[in-house]
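Trainee: Structure in structure tokens, see below.
Taken together, the values in this text are just the output of simple stated rules run on the coordinates, not laboratory data. Owing to the predicted nature of the structure, the values given are computational and were not obtained by experimental measurement. Cβ atoms come from the backbone with ideal geometry, glycine included; neighbour counts cover every protein chain shown.
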Amino acid sequence: MESKLYTFEEVVAFIKQGHVLTLAGDEKVLNDLPPGNWIAGTIPYFMDIDQGKFNQDMIFVNQITTYNGAYSIKVYDENSITQIVNDSYENGYTILILPPFQKIHEEFAIQAENINGLYNNPITGWIAGMDLNSSDSPKTYCGFTGQVYSDRGVAIHVKLPENMFAQIDIVNIFEPNPNNDEIKFYNNSFEVTSCMINGKDTNLAQYITENNIDTKLPLVANYTGASINVSIKEVDTENGKVSFFAPVFKSKIYNFPKEVPNYINKFETQTTNLSPYNAFSCNCILNYLYGELEGKKINNVKGPITFGEIGYQLLNQTLVVLTIDKF
């Protein structure tokens, strides 16, 4: 089946037919789904087959193709999430859905780089969310047991045949600006006060305010050859704190990137060669909002609009695409 939004009734039929699925939708529709071979996370924002949409009545469906029925569904908490690699198959991939700003979210985000074998197989997925104008709390679902969680992650591990492989493409429209100041942090954290800017101890909130930095821009650093973003959640000038949607790391050097004058054009350029037959993709809610993507289409990209993306580790303001191919 095509990856797109389906009605509640259609999704119920898919589940009863035994399909293995990853689902995204508002909790109002996810709560009433029957048990089955599926995992899900809450979100009402989507890039559908025709355009970006806000929808609380339909469910975005990714069908998981299994080979000889080789897959497993797991539930993780903050104590077990670092075992995710051990639970995966020797050749395969994992789709993981986490709740935001819970202990498991923080543990995975900070410890991912230290997980042995993290890059053996692709780990992708997303952070659940909710209607930004509501008081709803993000949730994850294990359809296999019928359980709903606000503090646990759910994952599906899929085994691939020996003649097939999975890979992740990370599309980041932000480029480091070598002319901007170098920023280093003292700790691995989602929140900071002081940091080192060009070798000088500086309050980051004060620096951002005094330099009129556009907080729609993330911090960018080189993570083993890839440019990775850390998006700003809040600048609290009164208390001199800056909070982020992902952790900053003391081992990295960050700076603010070049301006992106046109989100759509940048995404169009960087997604031209992506396969239309991807197995899964997701894009960030900040890209959706700042790029005004509602009602707009980006090439073959479709999937949930999320509160964070997973491409081996937690990402921000990034498009992640999983493809499966033959050797």
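Trainee: For the chain, what relative contact order do you get, as a whole percent, if you take Cα pairs closer than 8 Å and at least 6 residues apart?
Mentor: Here the relative contact order equals 22 percent.
Trainee: Taking square-rooted eigenvalues a ≥ b ≥ c of the alpha carbon gyration tensor, is region 275-317 rounded, prolate or oblate, where a/c under 1.5 means rounded and, failing that, a/b exceeding b/c means prolate?
Mentor: Numbers: a/c = 2.55, a/b = 1.04, b/c = 2.45.
Note, shape of region 275-317 comes out oblate.
Trainee: Per residue of region 314-323, in order, report the coupling 6.51 cos²θ - 1.76 cosθ + 1.60 (Karplus, θ = phi - 60°) as ³J(HN,Hα) in whole Hz, putting x for Gly and Pro.
Mentor: Those phi angles translate into 6, 10, 10, 6, 9, 9, 10, 10, 9, 10 Hz.
Trainee: A follow-up question, please. Tell me whether region 1-113 comes out rounded, prolate or oblate; compute the Cα gyration tensor, take square roots of the eigenvalues as a ≥ b ≥ c, and use a/c under 1.5 as the rounded threshold.
Mentor: On the way: a/c = 1.96, a/b = 1.35, b/c = 1.45.
It comes out oblate by the Cα gyration axes.
Trainee: Magnitude of the Cβ-charge dipole of region 219-321, K/R +1 and D/E -1, about the Cα centre, nearest 20 debye?
Mentor: On the way: 9 positive and 8 negative charges, 56 e Å.
Approximately 260 debye in magnitude.
Trainee: Kindly list the residues of region 73-93 that lie in the label zone of Phe327, defined by a backbone N under 20 Å from the point 7 Å along the Cα-to-C-beta vector.
Mentor: Residues passing the 20 Å test: 88-93.
Trainee: How large is ³J(HN,Hα) for each residue in region 195-209, as worked out from phi by the Karplus curve 6.51 cos²θ - 1.76 cosθ + 1.60 (θ = phi - 60°), to whole Hz, x for Gly and Pro?
Mentor: 8, 9, 10, 6, x, 10, 4, 9, 7, 5, 4, 5, 4, 5, 5
Trainee: Evaluate the charge dipole of the chain about its Cα centre and quote only its size in Debye, nearest 20, assuming +1 on the Cβ of each Lys and Arg and -1 on the Cβ of each Asp and Glu. Before the final figure, lay out the partial values.
Mentor: Details: 22 positive and 37 negative charges, 100 e Å.
My answer is approximately 480 debye.
Trainee: Sort 1-10, 156-165 by the packing proxy (mean of other Cβ within 10 Å over each peptide's residues), most packed first.
Mentor: Numbers: 1-10: 14.7, 156-165: 17.2.
Top to bottom by mean Cβ count within 10 Å: 156-165, 1-10.
Trainee: Could you compute the FRET efficiency for Gln270 and Asp50, with r as their C-beta to C-beta distance and R0 at 22 Å, rounded to 0.05? Spell out each step's value before the answer.
Mentor: Values: r = 21 Å, r/R0 = 0.94.
The value I calculate is 0.60.
Trainee: Say the dipole of region 183-255 comes from +1 at the beta carbon of Lys and Arg and -1 at that of Asp and Glu; which of Asn222, Gly199, Gly240 then lies farthest toward its positive end?
Mentor: After comparing all options, I get Asn222.
Trainee: Work out from phi, with θ = phi - 60° and the Karplus expression 6.51 cos²θ - 1.76 cosθ + 1.60, the ³J(HN,Hα) of each residue of region 280-296, listed in order in whole Hz, and give x for Gly and Pro.
Mentor: Result, ordered by residue: 6, 7, 8, 9, 7, 4, 5, 4, 4, 6, 5, x, 6, 7, 4, x, 10 Hz.
Trainee: Ranking request for peptides 248-257, 304-313, 261-270: highest mean number of other beta-carbon atoms within 10 Å first, then the rest in descending order. Write out the running numbers ahead of the final one.
Mentor: Values: 248-257: 18.1, 304-313: 25.9, 261-270: 14.2.
Taking the mean over residues of other Cβ atoms within 10 Å, the ranking is 304-313, 248-257, 261-270.
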